[in-house]
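Report on the structure given below.
Every number here is computed from the coordinates shown, using simple stated rules; none is lab data. Computed from a predicted model, the values in this text were never measured in an experiment. Neighbour counts are summed over all protein chains in view; Cβ atoms, including those assigned to glycine, are modelled from backbone coordinates with ideal geometry.
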Amino acid sequence: MGRSRGGLTTKVHLATDGHGHGLAVLLTPGQTHDSPWLAPLLDTVAVPRLDGGPPRRNPDAVIADRAYSSAANRTLLRRKRVQTVIPQRRDQIANRKRKGRAGGRAPSFDPETYKRRNVIERAFNRAKHWRAVATRFDKLAITYRAGFVLALIVEWLKSLGDTT
């Protein structure tokens, strides 16, 4: 957990599938930036294959907000051959334009695909229906993460069928 003006804070980084089902959860101190945590988050994703074999580790696309827009993240995703749907920050656009032709081309961005980012926001909102996740009374980060994972597991079970 990290210390900030408001006291101890924590950021939750969540990777989901296209339906908003949680695949990986990572907690970081609240005062750290989001961008450096994309690689560790993607490294924790492992989707088992139904026909056996090694789990799938690379998604088809990564849809994220501007906080994850960095040259290092774009290079990582390009190396893994993952479609990057992350808008550029205004300062990155200004720096590229200031350099003129030497600034290079703008990275590709598909606004239609980016509209699907609401799936991750809805996943966070469903998890926050759990009082323990929404109020954050846990003192230990591991306990808070466990509650968050439990909320995601229940959402997975609801999607699989009757859980009454």
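Okay, residues lined up against (1) touching a Leu at 6+ places or on another chain (Cβ under 7 Å); (2) farther than 28 Å from GLN31 by Cα; (3) hydroxyl-bearing (Ser, Thr, Tyr):
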site	(1), (2), (3)
ASP43	no, no, no
ASP60	no, yes, no
ALA67	no, no, no
ASN73	yes, no, no
THR84	yes, no, yes
GLN88	no, no, no
ILE93	no, no, no
ALA102	no, yes, no
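Among the residues of region 40-93, those that are within 22 Å of LYS115 (Cα to Cα), hydroxyl-bearing (Ser, Thr, Tyr) and under 14 Å from the mean Cα position of the chain (by Cα) comprise TYR68, SER69, THR84.
Selection over region 133-154 of residues that are of a type in the set (Lys, Arg) and either free of Cβ contacts under 8 Å to residues at least 12 places away in the same chain or assigned to a helix (DSSP H, G or I) (or both) gives a count of 2. For region 100-107, state whether one or more residues are under 14 Å from the mean Cα position of the chain (by Cα), in contact (Cβ under 8 Å) with a residue 24 or more places away in the chain and surrounded by 10 or more Cβ atoms within 10 Å (Cβ to Cβ). No, region 100-107 has no match at all.
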